Amino acid sequence: MPDRPDGGGGPEEPRILVFSTNNISDPGIDLAGSSHLHYPPGVVVIGLPCTSGVRPEWVLYAIQRGFDGVFIAADGEECGYLSDCTERSARIFKRAQDLLTEHGLEPRRLKMAAICSVCAEPFVDHIREFSAALAELGPVTAAPVEPGSGGSAPTGLAQVRKGYE
Amino acid sequence: MSDRGEKARTSGRDRPHGNRIGVYICHCGGNISDYVDVERVLEAVKDEPGVAVAKTAMFTCSDATQQEMAEDIREHGLDGLVVASCSPKLHQFTFREVARRAGLNPYQYSQVNIREQCSWAHTDDRAGATDKAIRLVRGGIARTRSSLPLTPLVVDTVPRVLVVGAGVAGLRAALGLAQVGLEVVVVEREAEVGGWVAGLGELYPHGRHGGGLVAGLLDQVRAQPGITLLTGAELVEKSGAFGNFQVEIRQGASRTVRADVGAVIVATGFETYDPPAGEFGRGRPGVVTLPEFQRFLEAGTGALVYEGRPVRSIVYVYCVGSRQGPKAGGGNLYCSRYCCGAAGHLSNRVADRDPAVRQYHLYRDIRTYGNLEAIFTESRNRGSVYIRFDESEPPVVSGDAGAGEPRLKVRVRDLLTAGEELDIRADLVVLVTGMVPRPNEELVRTLKLPVGKDGLFSEIHPKLRPVETVVDGVLICGACQGPKNSSESVASALAAAAQGAAVLKKGYAELDPLVAVVDPERCDDCGQCYPACPFEAIERVPHQGREVASVRRAVCKGCGACVPVCPAAAIDLLGYTDEQIRAMIDGLLKETA
């Protein structure tokens, strides 16, 4: 196996950011690990309460900053919050793909699939497939953006902080 | 793997200003450190901006390390905590409490999952797993760095519990809840209560009958005015959230019962394994399952006569439908726990009836743990013969017996007599069948119950949170969770009752304050977020001479669905703010070399 340029030991593998959900898909991803099902270590997860809360701008930012792809491990029909979570997620997915296109990035860098709380094997299958597809697509050609670009200015949060206290 | 001691290694340094974050990286025995170089992770993160203290520990969840964290928080005046260990499903609460006890706001702690989502998923790639762990911990540090101190939301809870299933577990849970003053609605799908135990005869060790136990429980249940028992009824709908669920129960064809409940206890029990035709001679006359044999014994007295034929010889085949490892063809991997004791107990009842009956027990392993050992000892002392076989060469049951002989023949290779092959004639072959999950698709869908690979319901943690599920307020107990005998089922039922009562007796529950907030300066009242919230948590309020959107904290469920619909990016979900997510993305991407 060739060494990674960053000193990691694995082969150069696509970096994938997964948006999971705390109650549905994250337990499914946990179960993949508990079952010692292997998937590429370039895959890292950020857990959110619900897929309908993913901002399309985060998908764009992740790819602009250096991830090769984003995988949304969606609640699907299982969502405990929203009966129309699937439709909302589909709209977010579409907006995020459009954003990628607008910024000269391949919309295929975003993938979404419903992952249930015991969907360990489906998760691993999706991720392996996506990783292979991203490897074929090659690295992102656009230069990375600066950290924090496009984000809410911290002043917004300061306001919130003030209101909260 | 260095530094296995409980005393953690310290590095990093205190910083004069800015964030003061403590980072603790867990070995988890070897569950993490066997696959991740935790010392390398420590080296890589100890100088991250804002980190004041960074350590590794053998078990971060141990009392000693918790104590040490609390001391560090006080001593170094920490304002943030990052624990990199297992899934937040297990110990998020533990470490939040550590923070709280030490005076650190619990919402400035981040849990980083480097076990289920790192070491265990990459056992084949130590360098890759270590690299990933570094990224994950940096993501957690970034998140904590931009966290806000929050206080929990307090919601009122309904002092009523729904119990699903009226077997011994469900009935006993209902009684326990009623005895502490909570109202209970018990829903039973069947027309009769009592489940399997109602049909059992004399039980070990006190000789009381199952039917009598259930009748006694039912009397007590009926004497409790706070318990409503609905038979022939099923839960069909559940809405609301922990502390205040609305449930809909359908009884019979036409009646619908609605109730508000604070929690739900699922006690739906088990099904017994039903071997397909041909498995160990299943389908031949005289080949019976454990429950069939029990009912046969229950139905008669005196010398045993089965289908008009005297019973002189019985062969028991153990582990049917249990412990089906690869050598046994796969299937149910678990041990059903109760069957060794049950079969031994029934063989003793046979000996009571007719000591001359020859009884042969063909087993892989006998698991008569605890006091059940006395059953096994008694069975052997009364003449039962135990013959051990290997799972790769199970006994063969045939009808190939000679004239005038018992009609069944069992061939088995006896492992303990140097592999001698034995032919045993039998009038009855008892397949000692294990427990399997009941088909409960509807209930699983309604309650969003977590189902394990084995089809049984999963608790959050087998030791620390043994009756709670990932669905807040939905508890499980009894054999629907995993094989248990009746006393174990009742013990877990009382655990569920205590857990439910612990929350509901207070009358309120503290919920995560991780709700949505609107920055009024950015909000231009475009109106898009109002219909996006199905809980109607967003209202229009005056703000400096104009109107803006505002989130009602107690109504917000914290899903975040309003966040992406705001064109002005004025809405943040606390704990998952735009700033935090972007910081995490950057932390996860930082080079690890």
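Things to note:
- Computed FRET value (nearest 0.05) for B:Glu190 with B:Val396, which takes r as the C-beta separation and R₀ as 25 Å: 0.10
- Peptide ranges B:333-339, A:99-105 listed from the most packed, as the mean C-beta count within 10 angstrom indicates: B:333-339, A:99-105
- Centroid-to-centroid separation of the stretch A:97-143 and the stretch B:207-253 [C-alpha atoms, Å]: 48 Å
- Of the Cα atoms belonging to chain B, the radius of gyration and Dmax stand at 29.7, 103 Å.
- Carbon + sulfur, % of accessible area of the stretch B:150-272 - ligands and nucleic acids excluded, 1.4 Å: 49 percent
- Inverse of mean 1/r across different Cα pairs in the stretch B:9-149, Kirkwood, Å: 14.4 Å
- The contact residues of the stretch B:85-125, meaning those that lose at least 40 Å² of 1.4 Å-probe accessible area when all protein chains sit together rather than their chain alone, are B:Lys89, B:Glu116, B:Gln117, B:Trp120, B:Ala121, B:His122, B:Asp125.
- Zone of B:Leu416's modelled label, taken as backbone nitrogen in the stretch B:329-358 under 18 Å from a point 7 Å along Cα→Cβ: B:340-345, B:347-348, B:358
- Taking a ≥ b ≥ c as the square roots of the eigenvalues of the alpha carbon gyration tensor, the stretch A:72-154 is oblate, as a/c is not under 1.5 and a/b does not beat b/c.
- In the context of the full set of protein chains, residues of the stretch B:279-434 present 43 Å² of accessible surface per residue (probe radius 1.4 Å, heavy atoms only).
- With the convex hull constructed from alpha-carbon coordinates only, the stretch B:279-434 shows a mean projected area of 9.0 nm² over all directions.
- Residue-averaged beta-carbon neighbours from other chains (10 angstrom radius) around B:465-476: 1
- For the stretch B:304-394, share of DSSP beta bridges that run antiparallel, in % to the nearest 5: 20 percent
- Alpha carbon centroid spacing (whole Å) that separates the stretch B:350-417 from the stretch B:255-297: 24 Å
- Comparing the full protein assembly with the isolated chain (1.4 Å probe, heavy atoms, ligands and nucleic acids excluded), the residues of the stretch B:131-172 losing at least 50 square angstrom of accessible area are B:Lys132, B:Leu148.
- Association of chains A and B removes close to 5400 square angstrom of accessible area from solvent, both sides included, for a probe radius of 1.4 Å.
- A protection proxy built from the mean count of other Cβ atoms within 10 Å ranks the segments B:275-286, A:12-23, B:421-432, B:94-105, most packed first, as A:12-23, B:421-432, B:94-105, B:275-286.
- Cross-link pairs beyond the 18 Å C-alpha cut-off, checked among B:Lys238/B:Lys448; B:Lys55/B:Lys590; B:Lys89/B:Lys448; B:Lys55/B:Lys463; B:Lys55/B:Lys89: B:Lys55/B:Lys590; B:Lys55/B:Lys463; B:Lys55/B:Lys89
- Solvent-accessible area, 1.4 Å probe, carbon plus sulfur percent, for the stretch B:356-473: 49 percent
- The dipole here belongs to the stretch A:16-164: it is taken about the Cα centre, uses +1 on the Cβ of Lys and Arg and -1 on the Cβ of Asp and Glu, and is about 540 debye.
- Label-point separation, B:Gln224 to A:His36 (7 Å along Cα→Cβ), nm: 4.4 nm
- Entry comment: accessible area of the stretch B:146-240 is 43 Å² per residue, from protein heavy atoms only and a probe of 1.4 Å.
- Alpha-carbon centroids, the stretch B:55-125 and the stretch B:541-593: separation in whole Å: 25 Å
- Amide H within-cut-off set for A:Leu110, under 5 Å, with H built and near neighbours excluded: A:Val70
- About the Cα centre, charge dipole magnitude for chain B (Lys/Arg +1, Asp/Glu -1 at Cβ), debye: 680 debye
- Where the stretch A:32-119 is the region considered: accessible area per residue in Å², 1.4 Å probe: 34 Å²
- With a simple spin-label model that places each label point 7 Å from the Cα along the Cα-to-Cβ direction, the separation between B:Arg208 and B:Arg74 comes to 4.9 nm.
- Gyration tensor verdict on the stretch B:162-271 (Cα atoms; rounded if a/c is under 1.5, prolate if a/b is larger than b/c, oblate otherwise): prolate
- Relative contact order of chain B: 14 percent, from C-alpha pairs under 8 Å at least 6 residues apart in sequence.
- Rounded FRET efficiency, nearest 0.05, which uses the C-beta distance separating B:Thr256 from A:Glu136 and R0 of 56 Å: 0.55
- Seen through its C-alpha gyration tensor, with square-root eigenvalues sorted a ≥ b ≥ c, the protein assembly as shown comes out prolate because a/c lies at 1.5 or above while a/b is bigger than b/c.
- Take the Cα of B:Arg438, step 7 Å toward its Cβ, do the same at B:Lys453, and the gap between the two points is 2.6 nm.
- The mean number of Cβ atoms from other chains found within 10 Å of a Cβ in peptide A:116-122 is 3, as a whole number.
- Gyration tensor (Cα) of the stretch B:380-481, equivalent ellipsoid semi-axes in angstrom: 44, 17, 12
- For the residues of A:80-88, the average number of beta carbons from a partner chain within 10 Å of their own beta carbon is 4.
- Modelled FRET efficiency - R0 51 Å, B:Glu248 with B:Glu378, Cβ distances, 0.05 increments: 0.55
The values are calculated or read from the model by the stated rules, or taken from the named source; none is laboratory data. Worth saying up front: this structure is predicted, and the values here are computed from it rather than measured. When we count neighbours, we look across all protein chains shown, and the Cβ atoms used for this are built from the backbone with ideal geometry, even at glycine. Ligands, DNA and RNA are excluded from the accessible area calculation, which covers all protein heavy atoms including side chains. Shrake-Rupley method; radii C 1.70, N 1.55, O 1.52, S 1.80 Å.
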